Each structure stands twice: as C-alpha cells, then as structure tokens.
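Data block below; observations after.
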Amino acid sequence: MTAPQPGTRIIPIHGKSPRIHDSAFIAPGTTIIGDVEIGEDSSVWYNCVLRADVSRIVIGARTNVQDGSVLHCDPERPGDPDGSPLLIGDDVLIGHMAMIHGCRIEDRGFVGLGAIAMNKAVIGSDAMLAAGAMLTEGKVMGTRELWGGRPARKMRDLDDAAIAGMRIGVAHYAENAKAHRKAIDAAG
C-alpha cells in the first residue's frame, strides 16, 4: 500500500488494517476503517466512508466508489454465523451518494446515484440498480437486469448498448482517477 493521499484517513481497528493496492486512487476526504481490501486500479472518490469495523469489505479491481458514498457491513448474529460482509467484484460502478450495506455486487454490476442496497442483497453481473432505488434485504438481481423503485423491482433486461455504456463508465473512472492523482500531487 502506498502512503494515503493528503486529506484521507486510514484507520485500523480491532487489529484489522485497510489493505489498499498501490495502484488504487483514494481521494481526499475519504475515511477507510478496519478490514477493508481495495483492488488494483480501483478508485474511492471524495468524501466516501468505508467502515469495516464489524465485518469485512472487499472491493475488486477497476471498481469505482463515487463521491459521498457510504459502505458498511454487519457482524455475525445468532442464526447468522456469516454476518453480512460487503463483497464487491471487479469493474463495478457505484454512483454518487450510494449507501451499500452488507450485500454482494458481482463483476460489472452498477449502482445508480443515491441508490441503497441492503444486507444479503445481490446485484448480478452486468446488472443495474437504478438511481434512487432501494434493494431491500435478501433480494437477488439476476444478470443483465435493471431494477428500480423503492422497494426495487425488476423493470426489464438490459440490452447490449446499456452494457457497453457501463463498460465505458468503468474505463472513464480508471483514467480520470489517474488525472486526479496527478492534480492532487501537483497541488501538493
């Protein structure tokens, strides 16, 4: 792990320290606490909070967590020995101000602006949770599905153009993170 960017807080707790790949971009204002793992070329944008004090948060490669998002998890409980870790795959887009809690987002999943995903919910590969939607506890979105509303329900299957648009978004954030890192370093 490289030294954190100026203005970030990386906080160990309960004997667990965040593990952040050297190539990941962590923007100023971000706080990362506890058992958090962030993969290669991923980015966590301005003023996000990732708090893994009671379970773990795993973020794969080339995933972006956009400004103001909050990520957390839940511990094991009676009848639930696994608890609700937050497991996020590769090439995932998480929009601004999302609240992601103890769920699983598979590779290339998409979470829209201000959306909420709750414990034990699953966002499938190439699936999209629409802006402002709330995926309630235990709901499972299939591959290439669009869900929206509060509570979220399946609206339709995604076509190839929508999938291509999500992949363009992943590439954009990976490149833009490099530009932001340079700008922060230059402002030093």
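The values are calculated or read from the model by the stated rules, or taken from the named source; none is laboratory data. As the structure is a computational prediction, the values presented were derived from the model and not from experiment. Positions of Cβ are generated from backbone atoms using ideal geometry, with glycine treated the same way; all protein chains shown enter the neighbour counts. SASA here: full protein model, heavy atoms, side chains in, ligands and nucleic acids out. Shrake-Rupley method; radii C 1.70, N 1.55, O 1.52, S 1.80 Å.
Overview of values
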{"item": "The range 54-101: radius of gyration over Cα atoms, expressed as a fraction of 2.2 N^0.38 Å", "result": "1.25"}
{"item": "For residue 145, solvent-accessible area (1.4 Å; no DNA, RNA or ligand), Å²", "result": "30"}
{"item": "The range 85-128: equivalent-ellipsoid semi-axes (sqrt of 5 x gyration tensor eigenvalues, Cα, Å)", "result": "13, 13, 8"}
{"item": "Gaussian network model of the chain, Cα within-10 Å springs - most flexible of 93, 129, 158", "result": "158"}
{"item": "Accessible area per residue, Å², the chain with all protein chains present, probe 1.4 Å", "result": "46"}
{"item": "Size descriptor, Kirkwood hydrodynamic radius, that averages inverse alpha-carbon separations across the range 3-101, Å", "result": "13.2"}
{"item": "Label-point gap, in nm, between residue 17 and residue 46 - each point 7 angstrom along Cα→Cβ", "result": "2.9"}
{"item": "Surrounding net charge for residue 90, when Lys and Arg each add one and Asp and Glu each subtract one, Cβ distance under 11 Å", "result": "-3"}
{"item": "Area accessible to solvent at residue 103, 1.4 Å probe radius, in Å²", "result": "0"}
{"item": "The chain: relative contact order as a whole-number percent, Cα under 8 Å and 6+ apart", "result": "12"}
{"item": "Calculated diffusion of the chain, Stokes-Einstein form, Kirkwood radius summed over Cα pairs, 10 °C and 1.306 mPa s, µm²/s", "result": "98"}
{"item": "Amide H contacts of residue 23 (H built 1.01 Å from N, under 5 Å, at least 5 apart or other chain)", "result": "41"}
{"item": "Lysines whose Cα lies under 20 Å from that of residue 120, excluding same-chain neighbours fewer than 8 positions away", "result": "139, 154"}
{"item": "Solvent-accessible area of residue 134 with every protein chain in place, 1.4 Å probe, in Å² to the nearest 10", "result": "50"}
{"item": "Translational diffusion of the range 64-160, µm² s⁻¹ [Kirkwood Rh, Cα pairs; Stokes-Einstein; 10 °C; 1.306 mPa s]", "result": "123"}
{"item": "Base-10 log of normalised Debye intensity for the range 4-58 (one unit scatterer per alpha-carbon) at q = 0.13, 0.20, 0.32 Å⁻¹", "result": "-0.25, -0.61, -1.36"}
